[in-house]
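Colleague: Right, I'll just put the structure down here and ask away after.
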Amino acid sequence: MSDYDLRFVDTVSSTAATRLDLRVAPFSVQSDTEFGMPELRRSAVSTLLVDGERYPAAAYDNRLITLVLKVIDASEDATAALLQTLYRELDRPSNVLRYQPGTSAPIFFRTFRAGPSSVIWDPVQKQVVARIPAEPFAVGLPETTGALTVYNDPGLPGGDLNANPYFETNAASWTGVGGTVARSTAQFHEGAASLLLTPDGVTATVEARSEMVPVAVGQRYRASVWVRCSSARSITLALVWFNSIGGTITAATQSASVSAGVWTLIEFERSAPDLPSIATQARIAVSLASTPPAGHTTWIDEARLRLVGAGGGMYADLPDILGDVETPLRVTIPQGGTLLDTNQMSLMAIRRRGTPSGAPMLLQAESLTQGGGTTVQTNSSDASGPGGNYSRCTFASVDPRLSSDVWPLMDTPDVRGRYRVLARIRTTVATDVIYATIRWGLNAYIAGLAETSVGWDGTAGSTAWRIVDLGLISFPSGADPTVDGLTGSPLPARGQFLRLDARRQSGTGNLDIDYLLFVPADDRLLIVRWNDIKNNEGGDVVIDSAQEVVYGIRNGVVYGGGSPPAITGWMYASPGTANRLYWLRSVGPLSSDDITNQTLLTIEYVPRYLYVRPVAS
């Protein structure tokens with residue numbers, strides 16, 4: 001063991017101070033020193049009706065480190081002093097044993113109070129054996145994701161799917177129909193160039209078309225473009241869907257009246273259809289109808305096709321997690337005292353199986369079937385999405401208010417799970433009392449959950465947007481074997497019919513609905529009530545899953561804390577899989593929700609190892 005480094009240190013750190021170095025003479029670590037392995041304890045369930053047992057739960061027990069040390073070539077008094085120093089280290093309520101067996105990085109065992117198991121003291125040898133209980137896992141040096149920005153709008157689109165939206169270097173990937181397209185520096189909305197569309201003067205409809213890009217049925221896409229024309233006229237943006245062999249399925253369009261020489265934004269969202277065939281490709285096109293003359297030159301810039309909900313709205317995808325087993329997360333919100341008010345609750349959850357981006361998350365109200373007394377409203381800057389971006393229920397007729405066909409459309413294992421459904425709503429009269437219910441099932445009329453009040457915030461009343469909890473639903477409903485019983489292969493799960501009902505118990509106003517949000521609730525989900533935290537000191541707030549506590553801290557000093565309710569557990573992440581962390585900044589009827597807010601989250605953890613740490617993981 002001559003290449004090993006073994007010492008007691010004061011903390012888990014690369015700069016930890018050494019309390020007792022066991023590799024320095026006259027100590028000699030013996031070969032029968034061992035670090036044990038934690039036993040995996042299982043809860044077993046069996047019945048005489050079937051063969052074998054099942055293990056519904058399992059957890060690692062503590063490990064036992066056996067430390068065998070000799071003292072060589074030291075006087076009796078020096079040996080007694082060394083052993084006394086060792087005894088004092090063993091007797092500490094907790095300690096940290098640093099171990100680096102020739103590897104590039106050390107690991108640290110967090111130990112508990114122990115005494116020597118045996119001591120040999122004779123004229124020939126001086127040896128002590130200590131059996132030290134320790135936490136199940138050794139830990140590596142702390143890791144951090146750095147500051148992650150989580151936006152408060154779940155409908156933010158992701159990166160550009162089409163290859164050349166900005167035309168800064170060329171007009172590649174774009175073609176003209178009934179005219180020509182070319183890169184131009186005469187006009188531009190951003191950068192230094194745009195795409196110039198020049199009609200031929202004889203074609204009825206002139207278009208600039210992007211290339212086709214892959215899409216998935218049921219996913220929602222945002223098409224957007226800035227246009228400028230030399231003459232006042234109508235210009236149309238189209239999102240055209242194609243099947244796998246390039247056949248046109250259908251097209252969604254949005255037109256705008258453009259003033260001469262004025263840059264104008266056109267944008268809208270649509271879901272990729274599955275009828276009359278499955279959409280696998282799409283492209284965007286900018287068109288001028290009614291046989292535009294050659295003089296109606298049109299500049300096009302920022303012509304983008306993007307996937308909705310892929311832009312970091314209300315979630316953050318964590319970098320690869322290191323270690324052998326799952327590990328608790330420490331989430332810090334910088335300057336939390338200025339970001340979170342005492343009437344506010346925040347929600348965190350995690351999805352760490354399969355492909356988290358494939359899980360259902362967002363349904364914009366305007367994309368649903370509008371029911372009794374409910375209509376899509378014109379664009380509101382404080383609602384999610386472009387164009388007509390929220391629905392208003394006037395209670396002019398009976399339920400349902402909003403409904404959908406089967407959603408999500410794609411049947412995959414990632415659909416499976418239990419989800420907490422939240423609705424972003426507002427009432428137009430502060431004192432109205434309104435109730436809402438989410439229902440789901442194999443058809444549109446299977447009853448769902450109990451009603452939840454969404455109309456009154458418990459103070460003087462408010463007409464602000466709020467995110468309210470409508471309860472839990474499951475995809476699929478009913479029996480769900482999860483895997484093929486013959487081979488153990490995962491089975492795809494299908495979505496459900498969904499319906500939102502609402503009724504006004506008292507008052508005269510309307511109910512506005514922005515979106516429905518689906519947050520995974522079958523792994524770990526946590527709600528923090530910030531009035532439990534003394535957060536008026538202007539410092540950071542910390543959500544510490546390892547210690548199961550939330551507290552405020554400033555300049556390294558704790559100034560207030562509390563333990564919020566952990567609905568299904570504190571936040572853990574797992575190595576070897578994708579980890580998506582959901583963060584809903586403002587939930588509950590007592591706190592308003594500003595869609596323009598964003599939150600910086602710094603996420604730290606220590607990787608946990610069963611024995612030694614590989615160099616890169």
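Every number in this text was worked out from the coordinates using simple rules, so none of it is lab data. Here the structure is a predicted model, which is why all the values come from computation and not from measurement. Here the Cβ positions follow ideal geometry from the backbone for every residue, glycine too, while neighbour counts run over all protein chains shown.
Colleague: Please list, in order along the range 100-114, the HN-Hα scalar couplings obtained from phi with the Karplus expression 6.51 cos²θ - 1.76 cosθ + 1.60 (θ = phi - 60°), rounded to whole Hz, x for Gly and Pro.
Modeller: Calculated HN-Hα couplings, in order: 9, x, x, 7, 6, 10, x, 10, 10, 9, 8, 9, 10, 4, 8 Hz.
Colleague: Given charges of +1 on the Cβ of Lys and Arg and -1 on the Cβ of Asp and Glu, with all other atoms neutral, how large is the dipole of the chain about its Cα centre, in debye to the nearest 20? Working shown, then result.
Modeller: Working: 50 positive and 60 negative charges, 133 e Å.
Roughly 640 debye, rounded to the nearest 20.
Colleague: What nm distance separates the two modelled labels at Asp405 and Thr264, each placed 7 Å from Cα along Cα→Cβ?
Modeller: Distance between the two pseudo-spin positions: 3.3 nm.
Colleague: So, one more: Contact order normalised by length for the chain, with contacts defined as Cα pairs under 8 Å and 6 or more residues apart; what percent is it?
Modeller: 17
Colleague: Continuing with this model, one more query. Which shape class, rounded, prolate or oblate, goes with the range 1-47 when its Cα gyration tensor gives a ≥ b ≥ c as root eigenvalues, a/c under 1.5 marks rounded, and past that a/b bigger than b/c marks prolate?
Modeller: oblate
Colleague: Where a ≥ b ≥ c are the square roots of the eigenvalues of the C-alpha gyration tensor, would you call the range 55-185 rounded, which needs a/c under 1.5, or, failing that, prolate if a/b is larger than b/c, or oblate?
Modeller: It is prolate, given that a/c is not under 1.5 and a/b is the larger ratio.
Colleague: Tell me the trypsin sites (Lys or Arg not before Pro) within the range 99-130 that lie in a loop according to DSSP and have at most 14 other beta-carbon atoms within 10 Å.
Modeller: For trypsin sites (Lys or Arg not before Pro) across the range 99-130 that sit outside H, G, I, E and B with at most 14 neighbouring Cβ atoms in 10 Å, the list reads Arg113.
Colleague: Next up: In the chain, with Lys and Arg counted as +1 and Asp and Glu as -1 at Cβ, which of these residues, Leu402, Gly146, Thr280, has the Cα nearest the positive end of the dipole, that is, farthest along it?
Modeller: Positive-end residue among those listed: Leu402.
Colleague: How far, in nm, would the chain grow between Val398 and Arg110 when pulled straight, counting 0.36 nm per residue and subtracting the alpha carbon separation?
Modeller: Result: 97.5 nm gained on full extension.
Colleague: If you plug each phi of the range 26-39 into the Karplus form 6.51 cos²θ - 1.76 cosθ + 1.60 with θ = phi - 60°, what whole-Hz ³J(HN,Hα) values come out, in order, with x for Gly and Pro?
Modeller: My calculation for the range 26-39 gives x, 5, 9, 7, 8, 5, 8, 5, 9, 9, x, 9, x, 7 Hz in order.
Colleague: Now a separate question. Average projected area of the Cα convex hull of the range 154-301, in nm²?
Modeller: In nm², the orientation-averaged hull projection of the range 154-301 is 8.7.
Colleague: Quickly estimate the mean residue ellipticity at 222 nm for the chain, helices only: each DSSP H run with n ≥ 4 gives -39500 (n - 2.57), and the total goes over all residues, rounded to 500.
Modeller: Calculated mean residue ellipticity at 222 nm is -1000 deg cm²/dmol.
Colleague: Which whole-number percent gives the relative contact order of the range 195-287, counting Cα pairs below 8 Å spaced six or more residues apart? Before the final figure, lay out the partial values.
Modeller: Numbers: 204 pairs, mean separation 39.0, N = 93.
The normalised contact order for the range 195-287 reaches 42 percent.
Colleague: Okay, next question. Rank-order 196-203, 69-76 by packing density, defined as the average count of other C-beta atoms within 10 Å over each peptide's residues, highest first.
Modeller: 196-203, 69-76
Colleague: Under 1.5 on a/c is rounded, so check that first for the range 231-340, then, if it is not, pick prolate when a/b is larger than b/c and oblate when it is not; a ≥ b ≥ c are the square roots of the alpha carbon gyration tensor eigenvalues.
Modeller: oblate
Colleague: For the range 385-442, with only Lys/Arg (+1) and Asp/Glu (-1) charged at the beta-carbon, what is the dipole magnitude about the Cα centre, in debye rounded to 20?
Modeller: Here the range 385-442 has a charge dipole of around 200 debye.
Colleague: Using unit Cβ charges (K, R positive; D, E negative) and no other charged atoms, how large, in debye to the nearest 20, is the dipole of the range 85-176 about its Cα centre?
Modeller: The dipole of the range 85-176 has a size of about 780 debye.
Colleague: Along the charge dipole of the chain, which of Pro26, Leu498, Leu83 sits closest to the positive end, that is, farthest toward it, with unit charges on the beta carbon of Lys, Arg, Asp and Glu (+1, +1, -1, -1)?
Modeller: Leu498
Colleague: Which of the following values of percent of Cα pairs over 38 Å apart was calculated from the structure shown: [x] 43; [y] 49; [z] 38?
Modeller: Among [x] 43; [y] 49; [z] 38, the one calculated here is [y].
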